[in-house]
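Data first, discussion second: the structure below is written as structure tokens.
The values are calculated or read from the model by the stated rules, or taken from the named source; none is laboratory data. Values in this document were obtained by computation on a predicted structure and should not be read as measured data. Cβ sites come from the backbone with ideal geometry, for glycine too, and all protein chains shown count toward neighbours.
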Amino acid sequence: MLAAIAEGVSIIEGYSTGADCASTLGCLQGLGVTITSTEALQGRDLRITGRGPRGLSAPAGSLDAGNSGSTMRMLAGILAAHPFSTTLTRDSSLCRRPMRRIITPLERMGAVLDSTEGRPPLTIHGTTALSPVDYLPPVPSAQVKSAILLAGLHADGTTVVHEPLPTRDHTERALASFGGTVERVGDAVRVTGGQRLVGRMLRVPGDISSAAFWMVAGAALPGSEVIIDGVGLNPTRTAIIGVLRRMGAIIEVTPDPATDGEPVGTIRVRHGAPIAASIEPDEVPGVIDELPVLGVLATYGGELRVSGAQELRVKESDRISAFADGLRAMGGHIEEAHDGFLVRGHKRLTGGHVDARHDHRLAMAFAIAALGSTGPTTVHDAGAAAVSYPEFFTVLDALRA
């Protein structure tokens with residue numbers, strides 16, 4: 001998205017093959033951005049010709065964000081600054097995702113957004129006269145923060161987003177990589193409008209949320225060791241490492257030499273004796289995507305209590321309910337709460353039939369749980385993994401070999 005509104009050409013290496021990222025490319029192409037893609041050894045390499053600030057074109061029709069809440073929310077921030085109307089559509093899963101959390105701040109800035117009772121599809125009526133905003137999101141969310149910052153990049157003045165609980169800072173780092181200026185003072189992130197971004201050559205690090213499944217598998221199975229190269233070590237994303245250590249995993253982290261923008265390195269994970277642990281509300285934003293697979297680790301003989309994670313109920317599925325149903329179907333012990341769950345691994349899972357409910361993270365989490373079951377497990381809707389990690393089951397087979 002930043003390459004699309006920058007000036008000049010950007011080369012992005014290692015772009016994900018996942019469906020969510022493909023949705024982003026499709027939406028940008030629908031807005032007149034020229035993008036060429038070539039298959040690479042790891043992911044795709046992209047060449048994007050930027051159109052400059054407010055340089056996107058009105059689309060010929062609606063744009064399909066597919067299953068990607070990230071695409072819809074962040075692109076809405078950019079479109080709020082363009083003087084035309086755009087409708088972002090979705091699949092059946094995304095239609096349940098709450099959008100009022102971006103509608104409110106973007107409308108305060110001067111755009112008009114239409115929705116169906118705060119849910120997709122979303123129509124953005126943009127304006128070239130955006131005003132800056134000083135905003136405290138009611139729910140900690142990197143997507144919401146990013147939408148506001150991307151709109152603020154085009155506003156007349158300085159936009160401020162307050163974060164009592166820090167969320168991932170990829171947008172801030174990426175803005176700096178493209179020549180922008182972002183400031184953090186205490187809990188406030190500030191961006192001044194009128195900045196012009198410049199095209200760059202950048203490499204996308206391996207996604208630690210995808211690596212989390214291999215980290216848990218390595219920690220869970222006796223005798224296992226997994227080494228993951230080139231994975232992103234952004235400090236706002238590495239809380240999972242501390243949680244895994246608390247749960248008994250043996251982990252070594254080796255950072256690569258200084259890199260531009262996003263820190264990268266190698267993670268080595270080995271099995272350790274399982275330990276009971278808890279994840280408190282202030283930790284949840286840092287591990288929100290990894291919570292189901294961390295719950296899976298507890299089924300291997302430990303225990304995990306999670307609280308303050310009500311945001312899981314408005315992901316691709318109600319992840320708390322769907323995760324609980326799946327573990328019970330596999331013979332696990334899980335207690336469901338309105339804002340989390342408690343998993344006790346006092347006995348091995350037996351396997352069974354589980355439903356991923358169109359949720360990529362649940363499809364992969366149930367597969368890792370199945371590795372320790374005494375019987376076979378069938379994961380229905382396992383193809384949902386392609387949303388973020390199409391190669392997941394191929395890599396799983398290779399690791400098991």
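For this structure, a couple of remarks:
- Hey, Val387 assigned by TED's automatic domain parsing to the domain that holds His271 and in contact with a helix residue (DSSP H, G or I) (Cβ under 7 Å, 6 or more places away or on another chain) or not: yes
- Residue in the range 337-350 that is within 20 Å of the chain's Cα centre (by Cα) and part of a loop (DSSP other than H, G, I, E, B) present: yes
- In the set (1) buried (at least 24 other Cβ atoms within 10 Å of the Cβ); (2) out of contact with any Phe, Trp or Tyr (no Cβ under 7 Å at 6 or more places or on another chain), Leu362 fails one condition alone, (2).
- Where strands (runs of 3 or more DSSP E) fall wholly inside the range 236-328, the ranges with 1 or more residues that are over 16 Å from Gly218 (Cβ atoms) and in contact (Cβ under 8 Å) with a residue 24 or more places away in the chain are 264-270, 276-279, 303-306.
- Taken over the range 161-192, the criterion of being under 17 Å from Leu2 (Cβ atoms), of a type in the set (S, T, N, Q) and within 20 Å of the chain's Cα centre (by Cα) is satisfied by Thr171, Ser177.
- One residue stands out in the range 17-50 among those that are touching a Ser or Thr at 6+ places or on another chain (Cβ under 7 Å) and among the hydroxyl-bearing types (Ser, Thr, Tyr): the one that is surrounded by the fewest Cβ atoms within 10 Å (Cβ to Cβ), namely Thr34.
- Filter pass, Ala22 being within 27 Å of Arg101 (Cα to Cα), free of Cβ contacts under 8 Å to residues at least 60 places away in the same chain and within 18 Å of the chain's Cα centre (by Cα): yes
- Search result, residues across the range 23-43 that are at pLDDT below 95 and either in contact with a Gly (Cβ under 8 Å, 6 or more places away or on another chain) or of a type in the set (A, V, I, L, M, F, W, C) (or both): Ala40, Leu41, Gln42, Gly43
- Qualifying positions in the range 150-167 - in contact with a helix residue (DSSP H, G or I) (Cβ under 6 Å, 6 or more places away or on another chain) and at pLDDT 95 or above: Leu150, Ala151, Thr159, Val161
- Taking the range 307-323 as the range and being crowded, with 20+ Cβ neighbours inside 10 Å and either of a type outside the set (Val, Ile, Thr) or more than 19 Å from the chain's Cα centre (by Cα) (or both) as the test, the residues that pass are Ala309, Leu312, Lys315, Glu316, Ser317, Arg319, Ala322, Phe323.
- When Ser85, Ser141, Ser93, Ser131 are checked against the criterion of being among the polar types (S, T, N, Q), modelled with pLDDT of 95 or more and closer than 15 Å to Met72 by Cα, a single residue qualifies: Ser85.
- Residue list for the range 351-401, filter: of a type in the set (Lys, Arg) and closer than 16 Å to Ala211 by Cβ: Arg361
- If you check Thr123, Thr86 for being hydroxyl-bearing (Ser, Thr, Tyr), within 19 Å of Leu25 (Cα to Cα) and buried (at least 19 other Cβ atoms within 10 Å of the Cβ), only one passes: Thr86.
- Each residue in the range 235-265 was checked for being polar (S, T, N, Q) and crowded, with 17+ Cβ neighbours inside 10 Å, and 1 pass.
- Given (1) in contact with a strand residue (DSSP E or B) (Cβ under 9 Å, 6 or more places away or on another chain); (2) at pLDDT below 95; (3) closer than 29 Å to Val264 by Cβ, index of the condition Val191 fails: (2)
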